[in-house]
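Presented below is the structure to which this report refers.
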Amino acid sequence: MPSPTLLAKKISKSPTIAMNDKAKQLAAEGKSVIGLAGGEPDFDTPPHIVEAAIKALRDGETRYAAPSKGIRPLLEAIAAKTERDNDVRVDPMTDIIVTPGGKLALFLALKAMLDPGDEVLIPAPYWVSYPSITTMVGGAPVTIETSSADNYRLDLDHMKAFVTPKTKAIIINSPCNPTGHMLSSAEIEAVATLALENDLYIISDDIYEKLNFDGRPAVSLASIPEIADRVVVINGMSKAYAMTGWRLGWLAGPTSLISVAGMFNSQTSTSAATFTQHAAVAALTGPQDCVEEMRKSYEERRDFMVSAFNSIPNMSSPNIEGAFYAFPKVNETSKTSDEVANIILDEAVVVGVPGSAFGVSKDAHIRFSFAEDLGKLKEAVERIRRIADKLA
Ligand SMILES: Cc1ncc(COP(=O)(O)O)c(C=O)c1O
């Protein structure tokens with residue numbers, strides 16, 4: 001009997017998806033569960049985008065996309081968006097690959113840059129898929145832990161200590177899932193220096209760039225001229241345009257790497273769905289006030305989550321600078337984040353994701369998505385407040 005790859009032993013199902021499934025199961029059992037484990041906007045996709053997809057379907061846009069790397073109007077719309085938002089010029093025909101989702105864009109970027117055993121620096125707290133995808137393509141993830149006490153700051157000397165001759169890339173996600181942290185200009189400089197001194201690729205995962213708070217814009221690392229030729233941007237429609245189920249993302253970067261990623265894309269997905277690509281053109285070239293309305297709503301909920309968690313005895317949350325996750329911690333506790341998440345699940349019937357899933361080894365953090373109705377968020381926090389003494 002043959003057996004699957006040994007790599008499978010090093011990877012588990014995405015913990016956020018697993019917790020989300022748990023919430024759905026509890027709801028099916030009739031429990032009044034509040035599921036805040038997912039990473040998905042609670043808004044519907046704006047109607048003009050839906051209409052564009054319907055029109056494309058009616059127009060017969062139901063065949064393989066050509067070229068496989070993305071239909072020309074979408075590649076051009078992404079290039080125009082990149083220039084408008086990030087002040088970066090990319091050649092639409094050579095520097096972008098459209099993929100079925102940002103997750104696959106990340107997979108292709110890593111697959112295109114790593115040889116077996118090459119190491120990838122991943123600052124933690126990190127998005128759960130970074131280490132798993134690195135491992136899946138034969139690379140070795142190297143975690144650089146940062147702490148909430150230091151506002152998750154990336155320090156050059158600290159990062160340098162993790163570089164070896166095998167280090168090939170660093171993954172940056174700003175605003176960050178799960179902390180919301182946005183890189184300061186000093187941190188951007190530190191990452192740039194590290195990459196230049198050690199000849200590294202930088203993966204700049206900009207998927208939450210539109211969900212920034214307090215009027216502070218998110219800066220893509222691709223916009224720093226000294227490192228632009230080594231930055232690969234990951235982005236997509238899921239978060240900014242409430243299009244998670246449409247599966248539409250992209251990677252953009254140096255032509256040499258993009259041509260390899262494009263070859264791998266053509267040999268795996270063939271292309272992202274054609275009518276979805278037409279919808280993405282409508283999203284990127286159409287009115288942007290829908291994005292701003294959703295952003296404002298997340299900001300309001302952010303205000304609520306930060307002050308609510310800080311008002312629960314023995315819990316705290318720093319300010320959240322972007323994305324749509326709270327990442328509070330239990331201040332004084334002998335319990336691990338997994339134990340805390342399970343108590344919150346069992347006693348408050350609220351589903352969050354333990355900090356351990358995001359590479360946090362010390363403090364008992366839990367991630368709660370606030371891409372959820374404010375009434376539900378209020379109820380969730382009240383339930384946690386009522387059982388807070390059990391978390392110590
Ligand atoms: C940090 C980060 N990057 C990328 C993605 C990929 O999103 P998608 O595959 O829906 O485009 C996600 C989704 O949760 C994410 O949180």
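Bear in mind that the values in this text are calculations on the coordinates, not laboratory data. Quick caveat: nothing in here was measured; it's all calculated off a predicted structure. Backbone-built Cβ (ideal geometry, glycine too); neighbour counts: all protein chains shown.
Things to note:
- Peptide packing: for 100-112, 281-293, the average count of neighbouring Cβ atoms within 10 Å per residue gives the ranking 100-112, 281-293, highest mean first.
- Over the stretch 63-285, relative contact order from alpha-carbon pairs under 8 Å, at least 6 apart, %: 30 percent
- Ordered by the number of other Cβ atoms lying within 10 Å of each residue's own Cβ, fewest first, Phe264, Phe213 fall into the sequence Phe264, Phe213.
- Taking the DSSP beta bridges with both ends in the stretch 63-285, the antiparallel portion is around 30 percent.
- Net charge in the neighbourhood of Val120 (other residues with Cβ under 13 Å of its Cβ; Lys, Arg +1, Asp, Glu -1) is -1.
- Whole-angstrom gap from the stretch 315-392 to the stretch 190-209, using each part's C-alpha centre: 30 Å
- Amide hydrogen neighbours beyond the local backbone of Ala364, cut-off 5 Å, H modeled: Val330
- In terms of other Cβ atoms within 10 Å, Met159, Met263 run from fewest to most in the order Met263, Met159.
- Selected from Gly262, Gly30, Gly180 as most flexible by GNM, with the chain as the system and alpha-carbon contacts under 10 Å: Gly30
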